[in-house]
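Here the structure comes first, spelled out in structure tokens, and everything after it is commentary.
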Amino acid sequence: MGDPRTTPTPQGYVQHLGESRQYLRDIILGVNDGLVSTFLLVAGVVGGGLTTTQVLLTSIAGAVAGMVSMGAGEYIATKSQEQVFTAEMELEIEHLANHRDHERQELRDMFGDMGLDGDELETVVRIIDGNDDVMLGVMAGLEFGVVATERRSPWLAAATAGGLFLLGALPSVVPFGIFDDTAVALTVAAVLSGAALFIVGAGKTVMTKTNPFVSGFENLMIGLIGGGISFSIGRLVESLISN
């Protein structure tokens, strides 16, 4: 058999997403959170009676704070995940060195749960057990659910989530730097954010293979309903303070 990395792709064969797959969460979460949370922020403070300049300053502060928070959170979470996996793999190396029979039986049990049995099971276990690197890689995938191509860079995860949060915040920030009337600026922000939410929701179906209209509409409704709630709460708080 040829190397799968160099074997020609058959006609009609649909390729997998590839090594960008593990960053899909950061991409969707970053831009979506920027769109939703910033729009909810400006809707709330507009409802609270702030001026255009005040809303602009608030939204800029919120966008920057969100970018930093999102990036830092993804960095810490991803780095911690990688550290846990590294520690687990070091322990697995120790297990293979000192408790090989037990690890071999674990391997046998896992492949047995997949439906292999009898001579086929023993043949597979024997082949894998014959190479330490292969044994370690298989155990990492089956026992911990991690393969080398799915591991994430903390810095790239942070940059992706943080950068896309800031990008997602722009439709809610920019209108307040252009229009003097808060109602007009909020309307424009709602239209731009709503369109972006629908596009993001529909666009992700290229990877998830689901219905783009349903996904886009779902994403749009989340933002608009949240914005309406935030605006109403802002109005309520403003009225309570005024009285």
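All of the numbers you see were taken from the coordinates with simple rules; none came from a lab. Note that this is a predicted model, so its numbers are computed, not measured. Here Cβ is always computed from backbone atoms with ideal geometry, including for glycine, and neighbour counts include all displayed protein chains.
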(message) What does the net charge come to around Gly47 if you take all other residues with beta carbon closer than 9 Å to its beta carbon, with K and R at +1 and D and E at -1?
(response) 0
(message) Can you compute the charge dipole magnitude of the range 23-234 about its Cα centre, using +1 on each Lys and Arg Cβ and -1 on each Asp and Glu Cβ, nothing else charged? Give it in debye, rounded to the nearest 20.
(response) 1400
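Local charge sum around Pro212 (other residues, Cβ-Cβ under 13 Å, Lys/Arg +1, Asp/Glu -1)?
Charge balance in the 13 Å sphere: +1.
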(message) Show me, bin by bin at 5 Å from 0, the whole-percent P(r) of the chain based on Cα pairs.
(response) 1, 6, 10, 11, 11, 11, 10, 9, 7, 6, 5, 4, 3, 2, 1, 0, 0
(request) Could you work out the local net charge near Arg100, counting Lys and Arg as +1, Asp and Glu as -1, over the other residues with Cβ closer than 14 Å to its Cβ? (result) -4
(request) Within 10 Å of each residue's Cβ, count the other Cβ atoms and sort Glu218, Glu238 from fewest upward. (result) Glu218, Glu238
(request) Give the peptides 167-179, 89-101 in descending order of average Cβ contacts within 10 Å, highest first. (result) 167-179, 89-101
(request) With everything on Cα atoms, drop me the angle between helix 24-47 and the longest principal axis of the chain, reported from 0 to 90° to the nearest 10. (result) 20
